[in-house]
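The values are calculated or read from the model by the stated rules, or taken from the named source; none is laboratory data. Keep in mind that what you see is a predicted model, and the values were worked out from it rather than measured. Here the Cβ is made from the backbone with ideal geometry for all residues, glycine too, and neighbour counts use every protein chain on show. Areas reflect the complete protein model, heavy atoms only, side chains present, ligands, DNA and RNA absent. Shrake-Rupley method; radii C 1.70, N 1.55, O 1.52, S 1.80 Å.
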Amino acid sequence: MNEQKDHALIPVVKIVNNQAMTTSISVSEFFGKRHKDVLRAIRDLDVPTEFTERNFAPSEYADITGRKLSMYQMTRDGFTVLAMGFTGRAAMKFKLDYIAAFNRMEEAIRSEQTAP
């Protein structure tokens with residue numbers, strides 16, 4: 001597996017029906033994982049069915065030979081739950097970046113509340 005040295009905070013995200021979405025393919029590329037392993041990780045998530053239905057949409061894509069293969073489109077919440085279960089350098093960087101972003105947001109909220 002090829003772990004890349006620097007990652008943005010999130011993989012490729014597109015707006016679909018006014019909602020930020022990514023795909024299992026993008027997640028596999030971002031984390032340097034095989035797509036079939038990402039698909040299995042999604043199927044094996046131990047979350048309520050209603051969460052899965054709301055955050056993971058089964059879909060298809062055509063590979064370079066034209067075969068239709070399975071993939072998932074997922075929301076930010078689905079991506080976050082999935083990624084928090086990953087291990088490795090890229091996964092740890094994501095987790096630390098996520099925590100740092102949360103902490104910046106918390107500090108901004110505190111600053112707003114204490115401003116005169």
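Largest first, how would Ser70, Ser26 line up by accessible area (1.4 Å probe)? Mind showing how you got there, number by number?
Values: Ser70 75, Ser26 15 Å².
So, going from the largest accessible area down, we get Ser70, Ser26.
Please report the accessible area of Tyr72 (heavy atoms, 1.4 Å probe, ligands and nucleic acids excluded) in Å², nearest 10.
40
As a test of reading the structure, rank Met92, Met71 by solvent-accessible area (1.4 Å probe, protein chains only), most first. Write out the running numbers ahead of the final one.
Working: Met92 100, Met71 20 Å².
These residues rank, largest area first, as Met92, Met71.
Taking amide H positions as placed 1.01 Å from N in the peptide plane, with prolines and chain starts having none, which residues 5 or more places from Met71, or on another chain, fall under 5 Å of its amide H?
Ser59, Glu60, Tyr61
How large is the Kirkwood hydrodynamic radius of the stretch 52-108, in angstrom, based on all distinct alpha carbon pairs? Intermediate values should be presented prior to the final figure.
Working: mean 1/r = 0.0740 Å⁻¹.
Computed over Cα pairs of the stretch 52-108, the Kirkwood hydrodynamic radius comes out at 13.5 Å.
With a Cα-only, solvent-free Debye model of the chain, what are the log10 I(q)/I(0) values at q = 0.19, 0.23 Å⁻¹?
Each listed q corresponds, in turn, to -1.06, -1.37.
Nothing charged except the Cβ atoms of Lys and Arg (+1) and of Asp and Glu (-1): what's the magnitude of the dipole of the chain about its Cα centre? Round to the nearest 20 debye.
360
Solvent-accessible area per residue for the chain at a 1.4 Å probe radius, Å²?
Details: 8160 Å² over 116 residues.
Result: 70 Å² of accessible area for each residue.
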